[in-house]
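First up is the structure itself, then whatever we jot down about it.
Bear in mind that the values in this text are calculations on the coordinates, not laboratory data. Nothing here was measured: the structure is a model prediction, and the numbers come from that model. For neighbour counting, all protein chains shown are included, and Cβ atoms are generated from backbone atoms with ideal geometry for every residue, glycine included.
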Amino acid sequence: MKITVIGAGYVGLVSGVCFSELGHEVICVDHIEAKVDMLNRGEVPIYEPGLQALIKANRERGRLRFSTDLRASVQPSDIIIIAVGTPSLPSGQANLSFIEQAAQEIGQAMNGYKIIVTKSTVPVGTNERIRDIVAKCTNVPFDIASVPEFLREGTAVQDTMNPDRIVIGTDSPSAGQQLTTLHQSLTSNIIVTDIRSAEMIKYASNAFLATKISFINEIANICEKVGADVTKVAYGMGFDQRIGASFLKAGIGYGGSCFPKDTQALIQIAGQMDYDFKLLKSVVEVNRQQRYNVIRKLVSLLGQLTGKTIGIWGLAFKPETDDVRDSPAYEIIAALSDMGAVVKAYDPIAADNFRHHCDVSGLIYCENAREAAWQSDALCILTEWEEFRQIPLSDIESWLKSPYLIDGRNIYEEEQLAETQLVYYSVGRPGMN
Ligand code: UGA
């Protein structure tokens, strides 16, 4: 099939590249010229394991192209995928202006029947709005479909090539059939449903995963008080198939470009329908509070933080990505800086992004993990990079001025700590908080 993807961000780029890998002819369009130039030089604007190799291979096979020209890119294709951003407005509502602009430009470029698919996360009713916008611009027949994306950053290629399920929301049986054919080599779990339910499946899925994280974080906070170990509690819970073992890792709360934005958007969507989504509001609040546990622990150890030097390991919102959007590290570092601490930070790959997107005055960027820990009054681990797990605790102990280690991601085990004099605080584990 001939496919055009509009928006070469995370979702658009990875989907486009993976469709080309499956043998389809793909054009990825983006209005940012610098990004398209980069891609045309074979460079990748995001860090995502495996992506660069697939881009190289499929450009060489002539199946993958990048362009800024939306009209010329839409016309040869049968399937147009909208994958532009839907950032949060100050109210928490999704900003649909990029979606509406894309719909209008597709409408103006229509030269024959096409299926217009939306992969961006959009509020219920948006696909119908896309249909209205396109229909105002053209008499050419077309169908619309909502095919939400469930990939995770850091494992995006693997998730796209091996999805748990594909959801296709459409009111056109023939479009449903064609999209089923497009995806059938990826999984047998293809759910064809109505458009509004497909839109809702995406929000409900992200809201549920965020709920699991806030739930286990609250259980961790209670574990700290009653002397239980949250990692063992989560392990024991996870064997129940109705609960499932994943997304039960306690820590400093979720971040990233999706959960914070999508939970707020769903609260807004419900609110517009006069429904107070109390549970999800609590999930968001618990997540906000969880970040401050790191600060509370530091204060309990060091007292006033003014003039104290705090080392930070990890700036990305999770490992294997350079994405710092809504990273818990930002709020924690900003709070430490406001409290007068001197903050030194190291991240294996996300430091440049943090410098550009997160404005924290006075933050000292370090070249390596040792430099961030060196002569610090305490060290905080905020992202569970494998590189940090490999560093012997005896090294950390010898680098620090005071032996305080706050592990926001529970990367060390009790046995490893037994051989050190480190005062170790983790999340929800007895004797270690
Ligand atoms: C998330 C979803 O997992 C994807 O299915 C979805 O497609 C994507 O959002 C999206 O809507 O585009 P992503 O934000 O890349 O993917 O990252 P996750 O791996 O889900 O992690 C999100 C946050 O939750 C991270 O900050 C992570 O540290 C945190 N987390 C995750 C926990 O604190 N505990 C856990 O057990 C799992």
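See the values below:
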| item | result |
| --- | --- |
| Cα gyration tensor category, rounded, prolate or oblate, for segment 239-327 with a/c compared to 1.5 | prolate |
| Ranked list, fewest to most other Cβ atoms within 10 Å of each Cβ, for 257, 398 | 398, 257 |
| Assigned charges on the beta-carbon of Lys, Arg, Asp, Glu; segment 2-193 dipole about Cα centre (debye) | 240 debye |
| Of the trypsin sites (Lys or Arg not before Pro) in segment 51-120, those whose Cβ has at most 15 other Cβ within 10 Å and which sit in DSSP loop | 61 |
| Shape category assigned to segment 284-433 from the gyration tensor of Cα positions, a/c cut at 1.5 | rounded |
| Anchor residue 401: aspartates and glutamates whose Cα lies under 16 Å away (excluding residues fewer than 8 positions away in-chain) | 371, 377 |
| Likely footprinting exposure, 129, 409, fewest C-beta neighbours within 10 Å first | 129, 409 |
| When segment 2-193 is reduced to its Cα atoms, the Kirkwood hydrodynamic radius in Å | 16.6 Å |
| CD proxy at 222 nm, helix term only [per DSSP H run n ≥ 4: -39500 (n - 2.57); per residue of the chain; nearest 500] | -13500 deg cm²/dmol |
| Chymotrypsin sites (Phe, Trp or Tyr not before Pro) lying in DSSP loop within segment 134-239, provided at most 11 other Cβ fall within 10 Å | 239 |
| Share, in percent, of DSSP beta bridges within the chain that are antiparallel, nearest 5 | 5 percent |
| Farthest positive-ward along the chain dipole, Cα basis, beta-carbon charges - from 24, 173, 431 | 173 |
| Computed magnitude of the charge dipole of the chain (debye, nearest 20; Cβ of K, R +1, Cβ of D, E -1) | 520 debye |
| Cα shape, the chain, gyration tensor, a/c 1.5 rule | prolate |
| Two-decimal Rg/Rh across segment 304-388, once Rg and the Kirkwood Rh are taken from alpha-carbon atoms | 0.93 |
| DSSP beta bridges in segment 2-193 [antiparallel fraction, %, rounded to 5] | 10 percent |
| Residues 237, 110, sorted so that the one with the fewest Cβ neighbours within 10 Å comes first | 237, 110 |
| GNM flexibility winner over the chain from 16, 256, 238 (Cα, springs under 10 Å) | 238 |
| Furthest towards positive pole of dipole, 11, 135, 67, structure part segment 2-193, Cβ charges | 67 |
| 31 Å Cα-Cα threshold exceeded, pairs from 114/212; 281/308; 232/318; 249/344; 202/318; 212/297 | 114/212; 281/308 |
| Rel. contact order, % - alpha carbon contacts under 8 angstrom, at least six apart, the chain | 12 percent |
| Magnitude of the charge dipole, segment 234-287, Cβ model with Lys/Arg +1 and Asp/Glu -1, debye to 20 | 140 debye |
